[in-house]
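Below is one structure, written out as structure tokens; comments come after it.
What follows is calculated from the coordinates using simple rules that are stated; it is not laboratory data. Bear in mind that the values here come from a model prediction, so they are computed numbers and not experimental data. Here Cβ is always computed from backbone atoms with ideal geometry, including for glycine, and neighbour counts include all displayed protein chains.
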Amino acid sequence: MLIKFPARSEAKESDVTPESVYLSRRGFMKAGAAVGLGASALPAVLAAQEYPDVPSVDVPAWLEPRLVDARWKAVSTNEPITPFKDATSYNNFYEFGTNKGDPARNASGLVVEPWTVMIDGEVAKPGRYDLTKLLADDRLEERIYRLRCVEAWSMVIPWLGIPLSGLIRQVEPTSKAKYVRMETVVQEKAMPGVRSSFSLVDWPYVEGLRMDEAMHPLTLLAVGMYGRSLPNQNGAPIRLVVPWKYGFKSIKSIVKISFVPEQPRTSWESLAPSEYGFYANVNPNVDHPRWSQARERRLPSGLFSPNLMDTRLFNGYEDEVAGLYSGLDLRANY
Ligand code: MTE
């Protein structure tokens, strides 16, 4: 359950984090400053404190100051967070293979630095933006969201990112921009799934949102998870997270964002239009043609403890997003 979603302008860390945690973190940071921990020492220590099962990692230089300044637990939930191990070893990233373990096994060769994102289409400020500049001055926020895959498994993941709306405002779309279309990087050498002659996907992987969905405050551009940078298999260095939609909308390793007048044709829709729609809103009342969407398997799950639970409309974010779809037939627009 989403506990609180304060407007950016009025959000204070103390508003959204349990007081005990907030106070101990403040104390910790003060203590860190007192013993002369440099800014660079803080993020890793913070991450270790919050997420003890996360192996330490070198955070890219551009991300470090942002981690220090991040607004931790800006959005939270009372559901247990999925262990880092499961969130990073059970993945869908078809560019690296179709088995759940393939991305973790194969993605280490993805080159994520330097990284640029091409912005084009109906915008006043098109161009090729360096990732470090693209995030502008927006403060990173930690958002703990449920992720519900169309395959009926789910996780709870602490992302770090900025609302997509911040970037959109920065590049100033024109009134002709009705949709946002995004593309994933293609690095053939590093991506066995792209090289494979059996692949059904016409690369690059493409996803899209209606402009009001893209501007919604829950829509996040993530550059980290579990207090650190994104692992390659989870979409490094920058990915989308749209928590009320099936996971396939949350496109990974983004290199292009286009502002377009027409609804873009997305990868899964092109592949099987009767099974995967453009909207892909999580909906327990509209089954996939081949399986029910009424329940989900929350990871970690096993044969003897499948950890099944009811799926909620809009993945439990109904209060926040239902208004986007008033008057829309959710069965026809799946
Ligand atoms: N993005 C790209 N480029 N390629 C993919 O295969 N899979 C999608 C989405 N983004 C995918 C992608 C699907 S089906 C899901 S469920 C989520 O990524 C999974 O994200 P995760 O592996 O971080 O849990």
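At a glance:
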read-out: Where the Cα pairs of the chain fall when distances are cut into 10 Å bins, in %; value: 5, 25, 36, 25, 7, 1, 0
read-out: Low-density loop positions, trypsin sites (Lys or Arg not before Pro), the stretch 170-268 - DSSP coil, at most 15 other Cβ in 10 Å; value: K176, K178, R265
read-out: Top of A136, A70, A107 by mean-square fluctuation, Gaussian network on the chain, Cα under 10 Å; value: A136
read-out: Beta bridges by DSSP in the chain, antiparallel share as percent, to the nearest 5; value: 85 percent
read-out: Separation of the D287 and K125 label points, Cα + 7 Å toward Cβ, nm; value: 4.9 nm
read-out: Centroid-to-centroid separation of the stretch 129-183 and the stretch 267-334 [C-alpha atoms, Å]; value: 20 Å
read-out: Counted charge near R210, where neighbours are those whose Cβ lies closer than 13 Å (Asp, Glu -1; Lys, Arg +1); value: 0
read-out: Among S199, P103, A294 the positive-end extreme of the charge dipole of the chain (Cβ point charges); value: P103
read-out: Cα centre as origin, Lys/Arg/Asp/Glu Cβ charges: the stretch 210-329 dipole, Debye; value: 600 debye
read-out: GNM flexibility winner over the chain from P273, P158, P237 (Cα, springs under 10 Å); value: P273
read-out: Under Karplus coefficients 6.51, -1.76 and 1.60, residue-wise ³J(HN,Hα) of the stretch 243-248 in Hz, glycine/proline x; value: x, 8, 10, 4, x, 5
read-out: GNM flexibility winner over the chain from G208, G235, G109 (Cα, springs under 10 Å); value: G109
read-out: Per DSSP, loop GluC sites (Glu not before Pro) in the stretch 231-304 with at most 12 further Cβ within 10 Å; value: E262
read-out: Convex hull volume of the stretch 186-244 per residue (C-alpha atoms, cubic angstrom); value: 115 Å³
read-out: Loop-located chymotrypsin sites (Phe, Trp or Tyr not before Pro) in the stretch 261-328 whose Cβ has at most 11 other Cβ within 10 Å (DSSP); value: F304
read-out: Unit charges on C-beta of K, R, D, E only; dipole of the stretch 86-322, Debye; value: 300 debye
read-out: Sum of -39500 (n - 2.57) over DSSP H runs of 4+, divided by residues of the chain (222 nm, nearest 500); value: -5000 deg cm²/dmol
